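Working notes for the structure below.
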Amino acid sequence: MKIIIERTKEEKELDFKGTIEELLQKLKINKEEVIVARNGALVTLDTELSSEDEIKILSVISGG
Amino acid sequence: MNCDKCKENAIYQDPNLCKKHFIEYFEQKTINTIKKFGMIKNKQEKICVAASGGKDSVALLFVLHKKGFNVEALAIDEGIKGYRDRSLEFLQEFCKKHKINLKIKSYKKEIGKTIDQLSKKYSPACNVCGTFRRYLLDQHSKEYKKIATGHNLDDEAQAVMMNILKAQTSLFARQGPMTKDIDGFTQKIKPFYFIKEKEIMTYAFLLGLNIDFEECPYAPLSFRSYVRDWINKEEKENQGTKLNIVTHYLKLREDMQDNIQKIETKENKFSKVVKDALQPIKKCHECGSPCSGLICKACKLKEEINA
Ligand SMILES: [Zn+2]
Ligand SMILES: [Zn+2]
């Protein structure tokens, strides 16, 4: 699974099974501070991920 | 997870809503806030949106424009290389596309120095920056009925907590959903007062207002980011924390205003002292902005940096 963390411009391949909520926990990202898109569309935290997914994690924090 | 209102997949959680219903919810919440506080009287009223090009102000500009309000944009260019220049470029394109009038005023031209230059002397730069930002917004919004800002529930909850932690007393001056109607000054309104930052980001994403700018390079130094991280940790464990902070503040504010009125009827002299302390009703000798002394903070600072 490909993971893009937009805030730090980080891109990585990860072998992961579980939901988005679990993925965020693993990456130590507070779910309050991001929205998550799977293959370009927004999804909720309970969404189960598959190995072909591309996950984009967008930070909601900005300077206004 | 399904949408609470239809059978589509939810794209947002708490409340659980699909794309269509989220957009509806978001726009209705904005309109309800405007109505609740009487922020905008009618659609002819000329409103100036204080726009930075970031997601909050662009989403606000978009909603108000979409809902038929008479909006224009006023942007302040603080002079932050690699950050503000990019967001203003985006804002210019956005306003052109939606046929919204845009004015840009820069620190360089109006104050004499950019924030990049000032940040060497003033650290963190946020205090100086905020003072000049408000100053320029006041100076260039006199032709409008109201200035709308993108301040959201997160911002307000942070401000309330910052005031408590630092025992600041600016509770009445800048906080709250809208400023008072004081002669000669444009009223400031916050239509996103009850909307979370996360909701704004979701709305911006759904409408393709794909704004992916980094955080202001000076922000990580500020006390605000510390408070923000802390509130977000609380909200993660207890959904509704932000709203609770702000609701509690609004209640306190109401009680305080009631009390002032009671004191007023009892003892006129004392109430005048209290009122003066709470409201800057004098005008700056240099620029005419509201201030408590002879010259406002912005004009004092302006003298200092150009000395
Ligand atoms: Zn729905
Ligand atoms: Zn002044």
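At-a-glance table
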{"item": "Distant-in-sequence amide H partners of B:Leu102 (H built 1.01 Å from N, under 5 Å)", "result": "B:Ala73"}
{"item": "Charge dipole (debye, nearest 20) of chain B; +1 at Cβ of Lys and Arg, -1 at Cβ of Asp and Glu", "result": "740 debye"}
{"item": "Charged-residue dipole, Cβ positions (Lys, Arg, Asp, Glu), the protein assembly as shown about Cα centre, Debye nearest 20", "result": "1640 debye"}
{"item": "Cα-only radius of gyration and Dmax that characterise chain A, units Å", "result": "11.0, 35"}
{"item": "Buried solvent-accessible surface, both chains (A, B), 1.4 Å probe, Å² to nearest 100", "result": "2300 Å²"}
{"item": "Placed amide H near B:Leu17: partners under 5 Å, 5+ positions off or other chain", "result": "B:Asp4, B:Ile11, B:Tyr12"}
{"item": "For the range B:142-154, 3J(HN,Hα) per residue [Karplus equation, 6.51 cos²θ - 1.76 cosθ + 1.60, θ = phi - 60°, Hz, x = Gly/Pro]", "result": "5, 7, 9, 6, 9, 10, 9, 10, x, 3, 10, 4, 4"}
{"item": "Order of exposure, largest accessible area first, which applies to B:His151, B:His285 with probe 1.4 Å", "result": "B:His285, B:His151"}
{"item": "Protection proxy ranking, peptides B:68-74, B:3-9, average beta carbon neighbours within 10 Å, highest first", "result": "B:68-74, B:3-9"}
{"item": "Area accessible to solvent at B:His248, 1.4 Å probe radius, in Å²", "result": "120 Å²"}
{"item": "³J(HN,Hα) computed for each position of the range A:48-53 - Karplus, 6.51 cos²θ - 1.76 cosθ + 1.60, integer Hz, glycine/proline x", "result": "7, 9, 10, 5, 8, 5"}
{"item": "Max mean-square fluctuation residue, GNM over chain B, Cα-Cα springs under 10 Å, options B:Met256, B:Met39, B:Met162", "result": "B:Met256"}
{"item": "Chain B - percent relative contact order, Cα under 8 Å, separation 6 or more", "result": "17 percent"}
{"item": "Karplus-derived 3J(HN,Hα), 6.51/-1.76/1.60, for each residue of the range B:27-42, Hz, glycine and proline x", "result": "5, 5, 5, 5, 4, 4, 5, 4, 5, 3, 9, x, 5, 10, 6, 8"}
{"item": "Long-range HN-HN contacts of B:Tyr218 with modeled amide H, under 5 Å", "result": "none"}
{"item": "Alpha-carbon radius of gyration plus Dmax, which is the widest Cα pair, for the range B:37-255 in Å", "result": "17.0, 46"}
{"item": "Computed [θ] at 222 nm, helices only, for the protein assembly as shown once each DSSP H run of length n ≥ 4 contributes -39500 (n - 2.57)", "result": "-13500 deg cm²/dmol"}
{"item": "Probe 1.4 Å, all protein chains present, accessible-area order of A:Glu33, A:Glu52, B:Glu254, largest first", "result": "A:Glu52, B:Glu254, A:Glu33"}
{"item": "Net dipole in debye of the range A:2-59 [+1 Lys, Arg Cβ; -1 Asp, Glu Cβ; about Cα centre; nearest 20]", "result": "180 debye"}
{"item": "Antiparallel DSSP beta bridges within the range B:37-255, percent to nearest 5", "result": "5 percent"}
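The values are calculated or read from the model by the stated rules, or taken from the named source; none is laboratory data. On a predicted model such as this, the values are computed, not experimentally measured, just so you know. Here the Cβ is made from the backbone with ideal geometry for all residues, glycine too, and neighbour counts use every protein chain on show. The accessibility values were calculated without ligands, DNA or RNA, using every heavy atom of the protein model including side chains. Shrake-Rupley method; radii C 1.70, N 1.55, O 1.52, S 1.80 Å.
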